[in-house]
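Data first, discussion second: the structure below is written as structure tokens.
The values are calculated or read from the model by the stated rules, or taken from the named source; none is laboratory data. Because the structure is a prediction, the values reported are computed rather than measured. Because the Cβ atoms are built from the backbone with ideal geometry, glycine has one as well, and the counts that use them run over all protein chains shown.
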Amino acid sequence: MEKYSQVIFDKNTVEFVTVAAEYCCFLERAHDARRCEFVDTVLKILPLLYLKATLIPVCESIGEDEPETFVTEEDYELIRRAVSGVLGPKDDYLEVFLPDMAYSDTPIKKCISEDLADIYQDLKDFISVFQLGLNETMNDSLVICKEHFREFWGQRLVNTMRALHDVKYSYADEDDEDETEEENSLI
């Protein structure tokens, strides 16, 4: 059991937990953000989250049961809608890294809000298990989170960063004009 305690309290694990918790808290407050601030912050958190996920030490499952999940469909939908509301028409992007894309004649549309909510769901479940403080379930939750990163949300994260980069820099002039108009209307 001591070996597993070393993994869950490893410096890299603790740093990953910290960044994952910050990501979840930020998305839970997304409805209060302006688009430019939201995009700017997410573009700083996501690369850090990716880096910290790659540094999680090697770990093996020790329990027989899957750890509990906490995020409900309603929780997921609240996050997705909040992000979608902040991004507005900039939420959609064309996906190019799906296996189906090779056989498609038409582009596949994705939503930044869904990608961020998918990442949120895995991380919030992970953080919630970690908050329980039970070493065995913390370890197994870390194993699952690391597997999901490798198989699912890691690719979502980098794809979403590409789309967010486009939102930030392709529409910078347009957003500056929108913000100037908003500020002028307040005067």
Inspect all residues belonging to segment 111-129 and state whether any of them is of a type in the set (D, E, K, R), loosely packed, with under 15 Cβ neighbours inside 10 Å and either at negative phi or in contact with a strand residue (DSSP E or B) (Cβ under 7 Å, 6 or more places away or on another chain) (or both).
no
If the Cβ limit is 6 Å and pairs must be 6+ apart or interchain, which residue in segment 139-155 that is assigned to a helix (DSSP H, G or I) and of a type in the set (Val, Ile, Thr) pairs with which residue that is modelled with pLDDT under 95 and surrounded by 14 or more Cβ atoms within 10 Å (Cβ to Cβ)?
VAL143/CYS59; VAL143/SER61
Quick one: how many residues across segment 45-68 are modelled with pLDDT under 95 and polar (S, T, N, Q)?
1
Only one of LEU123, LEU164 is touching a residue at least 40 places away in the same chain (Cβ under 8 Å), out of contact with any Cys (no Cβ under 9 Å at 6 or more places or on another chain) and in a helix (DSSP H, G or I), namely LEU164
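Output the residues belonging to segment 138-152 that are under 19 Å from ASN12 (Cα atoms) and either of a type outside the set (Val, Ile, Thr) or at pLDDT below 95 (or both).
Those that are under 19 Å from ASN12 (Cα atoms) and either of a type outside the set (Val, Ile, Thr) or at pLDDT below 95 (or both): MET138, ASN139, ASP140, SER141, LEU142, CYS145, LYS146, GLU147, HIS148, PHE149, ARG150.
When you scan segment 112-167, how many residues do you find that are among the polar types (S, T, N, Q) and more than 14 Å from the chain's Cα centre (by Cα)?
Filtering segment 112-167 for residues among the polar types (S, T, N, Q) gives 113, 121, 128, 131, 135, 137, 139, 141, 155, 159-160.
Retained after the next criterion (residues that are more than 14 Å from the chain's Cα centre (by Cα)): 128, 131, 135, 137, 139, 141.
Here the count works out to 6.
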Restricting to segment 56-82, count the residues that are exposed (fewer than 15 other Cβ atoms within 10 Å of the Cβ), among the acidic types (Asp, Glu) and either outside any loop (DSSP other than H, G, I, E, B) or within 17 Å of the chain's Cα centre (by Cα) (or both).
3
Out of all the residues in segment 4-17, is one or more under 11 Å from the mean Cα position of the chain (by Cα), among the β-branched types (Val, Ile, Thr) and part of a helix (DSSP H, G or I)?
no
Among (1) more than 12 Å from the chain's Cα centre (by Cα); (2) over 13 Å from MET161 (Cα atoms); (3) touching a residue at least 40 places away in the same chain (Cβ under 8 Å); (4) surrounded by fewer than 19 Cβ atoms within 10 Å (Cβ to Cβ), there is one condition ASP40 misses while meeting the rest; what is its number?
(2)
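Consider ALA163 carefully, then state whether it is buried (at least 17 other Cβ atoms within 10 Å of the Cβ), at pLDDT 95 or above, out of contact with any Ser or Thr (no Cβ under 9 Å at 6 or more places or on another chain) and small (Gly, Ala, Ser). Before you say what the answer is, go through the steps one by one.
Details: buried (at least 17 other Cβ atoms within 10 Å of the Cβ): yes; at pLDDT 95 or above: yes; out of contact with any Ser or Thr (no Cβ under 9 Å at 6 or more places or on another chain): yes; small (Gly, Ala, Ser): yes.
Considered against the rule, which asks whether it is buried (at least 17 other Cβ atoms within 10 Å of the Cβ), at pLDDT 95 or above, out of contact with any Ser or Thr (no Cβ under 9 Å at 6 or more places or on another chain) and small (Gly, Ala, Ser), ALA163 comes out as yes.
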I'm trying to understand the selection: among the residues of segment 54-95, which are touching a residue at least 60 places away in the same chain (Cβ under 8 Å), among the hydrophobic types (A, V, I, L, M, F, W, C) and within 27 Å of ARG162 (Cα to Cα)?
ILE56, LEU87
If you take the residues in segment 98-110 that are within 21 Å of the chain's Cα centre (by Cα) and surrounded by fewer than 20 Cβ atoms within 10 Å (Cβ to Cβ), which one is modelled with the highest pLDDT?
LYS109
Odd one out for GLY88 among (1) of a type in the set (Gly, Ala, Ser); (2) within 29 Å of PRO67 (Cα to Cα); (3) at pLDDT 95 or above:
(2)
